[in-house]
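A.B. asks: Input: one structure, supplied below.
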Amino acid sequence: MRIGFTYDLKTDHVRQDGLPEDALAEFDSEETIAEIESAIQKGGHDVVRIGHVRNLLARLPHIDVDIVFNICEGMGNRNRESEVPLILDLFRIPYVGSDSLSMGLTLDKVMAKKAFVADNVPTPKYFVADGSFKKKDFSGMRFPMIVKPRHEGSSKGISEDSIVKNSLALGARISQVRSTYSQAALVEEFIQGQEFTVLVIGNREPEALAPVHIQILGKLDIGNLIYTSRRVNNSDVEYVCPAKVSKPLDKKLREIAIKAYRSVDCRDFGRVDFRVDKHGRPYVLELNPLPSLSTYDVFPLVAKAQGLTYAQLVLKVLDVAIQRCGLN
Ligand SMILES: Nc1ncnc2c1ncn2[C@@H]1O[C@H](COP(=O)(O)OP(=O)(O)O)[C@@H](O)[C@H]1O
Ligand SMILES: [Mg+2]
């Protein structure tokens, strides 16, 4: 098949004045793009590199591909990940991954939490702070809490300084997040304990793959530590996959991951981030319908735990999309 490939390269974008330091954090390196391209080629397919959304627009309507492998994150508002899927739908071009609705729904962590709460997917208690807030907004919640931008990824705007222990610190951090990221803040109860991430693949019967335990500074019970890209870049983080946890916790993580995946109508693949408290209760922090496929991230380790190579796992994602679209 001819597989179109849409992606955002870090080098395609220039950080504009006034944008936060981490504005380009979500984009991919040429190395990752080449790895994915080579994985798809190993499946006997031709890859047509398209690149970012504007390149896609420039090539439409005549683009000779059977399906598009899309990992575009886009730039700007909470619909940035929805742009490519929406355009491909408009031109009736099949693509790998979630549609624009699920992209927007999950990029906005507050909207995703509403879906999770409605579907009984456990998620930390929260409130949304846009402008002034009152004590009653968080009357049912306990400190410590964490303050995050409402619709960012790649730990943008999140560090250990995001954890607040009292109302005064809460107010200060909300103002800081709102002014730096020009969006509302999501305030959640902070779940001390362990952190996991679980990849899910498939559609009608989605499969949760081996859970990954996030180890930071040699600790598996990370307490108040936070999993950020800064820590990843400093080699503070190691991944244990498959996680060496009890069978019931392993099962619970996988079941909840699939429930979260279905709750936001995710397609083909996605990754669910969890914290687990000291009582062994998992909480879903977010679902990423565009999980990193970088070889420095968890994807190759999960492949290995499943007895697959990196390329085989990429091809599995492509195959479930090809099947869903009835192209086989
Ligand atoms: N409610 C929470 N309790 C504990 N840790 C949290 C919570 N929310 C976020 N974190 C920490 O911050 C990290 C990034 O948060 P997340 O919501 O997954 O945002 P991102 O989209 O940037 O990955 C998590 O991996 C976790 O370490
Ligand atoms: Mg996350």
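A.B. asks: Assuming 0.36 nm per residue, please report the length gained on full extension of the stretch Asp221 to Gln176 beyond their Cα-Cα distance.
C.D. replies: Extra length from Asp221 to Gln176 when fully extended: 13.3 nm.
A.B. asks: Note down the nm distance, to one decimal, between modelled labels 7 Å out along Cα→Cβ at Gln192 and at Asp64.
C.D. replies: For Gln192 paired with Asp64, the spin-label model returns 6.3 nm.
A.B. asks: Which is farthest toward the positive dipole end of the chain among Ala210, Asn70, Asn166, measuring Cα position about the Cα centre, with Cβ charges +1 (Lys, Arg) and -1 (Asp, Glu)?
C.D. replies: The residue sitting most towards the positive pole is Asn166.
A.B. asks: Compute, for segment 37-176, the length of the dipole vector about the Cα centre, with Cβ point charges of +1 (Lys, Arg) and -1 (Asp, Glu) only. Units Debye, rounded to 20.
C.D. replies: Value, rounded to 20: 880 debye.
A.B. asks: For Val68, enumerate residues with amide H under 5 Å from its amide H, sequence gap 5+ or separate chain, H modeled in the peptide plane.
C.D. replies: Result for Val68 returns Gly4, Tyr95, Val96.
A.B. asks: Under a point spin-label approximation (7 Å from Cα along Cα-to-Cβ), what is the Asp130-Leu9 distance to one decimal in nm?
C.D. replies: 3.7 nm
A.B. asks: Another question about this same structure. Apply the Karplus curve 6.51 cos²θ - 1.76 cosθ + 1.60, θ = phi - 60°, to the phi angles in segment 244-259 and return the couplings in whole Hz, x for Gly and Pro.
C.D. replies: Each residue of segment 244-259 in turn: 8, 10, 4, 4, x, 5, 4, 5, 4, 4, 5, 5, 5, 4, 5, 5 Hz.
A.B. asks: Within 10 Å of each candidate Cβ there may be at most 11 other Cβ atoms; applying that plus a DSSP loop requirement, which trypsin sites (Lys or Arg not before Pro) in segment 236-304 survive?
C.D. replies: Sites meeting the loop and neighbour criteria: Lys244, Lys278.
A.B. asks: When every alpha-carbon pair in the chain is counted, what percent end up more than 28 Å apart?
C.D. replies: Result: 39 percent of Cα pairs exceed 28 Å.
A.B. asks: In degrees, nearest 10, range 0 to 90: what is the angle between the Cα axis of helix 310-324 and the longest Cα principal axis of the chain?
C.D. replies: 80 degrees
A.B. asks: Pairs to check: Lys219/Lys244; Lys109/Lys259; Lys125/Lys278; Lys252/Lys278; Lys114/Lys251. Give those whose C-alpha atoms are more than 18 Å from each other in this structure.
C.D. replies: The answer is Lys114/Lys251.
A.B. asks: Next question, about the same structure. Would you mind calculating the gained length between Asn166 and Asp119 on full extension (0.36 nm times residue separation, minus the Cα-Cα distance), in nm to one decimal?
C.D. replies: 13.8 nm
A.B. asks: What dipole magnitude, in Debye to the nearest 20, does the chain give about its Cα centre under +1 on Lys/Arg Cβ and -1 on Asp/Glu Cβ?
C.D. replies: About 1240 debye.
A.B. asks: Roughly speaking, what is the stretch gain from Thr309 to Asp46, that is 0.36 nm per residue apart minus the C-alpha to C-alpha distance, in nm to one decimal?
C.D. replies: Here the answer is 92.7 nm.
A.B. asks: Relative contact order of the chain, please, whole-number percent, based on alpha carbon pairs below 8 angstrom and at least 6 residues apart.
C.D. replies: Reported relative contact order: 18 percent.
A.B. asks: Taking the DSSP beta bridges in the chain as the whole, what percent of them are antiparallel, to the nearest 5?
C.D. replies: 75 percent
A.B. asks: Once both labels are modelled 7 Å past Cα along the beta-carbon direction, what's the Asn234-Leu86 spacing in nm?
C.D. replies: 3.8 nm
A.B. asks: Can you sort Phe269, Phe27, Phe91 from fewest to most other Cβ atoms within 10 Å of each residue's own Cβ?
C.D. replies: Fewest to most other Cβ atoms nearby, the residues stand as Phe91, Phe27, Phe269.
A.B. asks: Per-residue ellipticity at 222 nm for the chain, helices alone: DSSP H runs ≥ 4 residues times -39500 (n - 2.57), over residue total, nearest 500 deg cm²/dmol?
C.D. replies: Using -39500 (n - 2.57) per qualifying helix, the result is -9500 deg cm²/dmol.
All of the numbers you see were taken from the coordinates with simple rules; none came from a lab. These numbers come from a predicted model, not from an experiment. Glycine also receives a Cβ, built like all others from the backbone with ideal geometry; neighbour counts cover every protein chain displayed.
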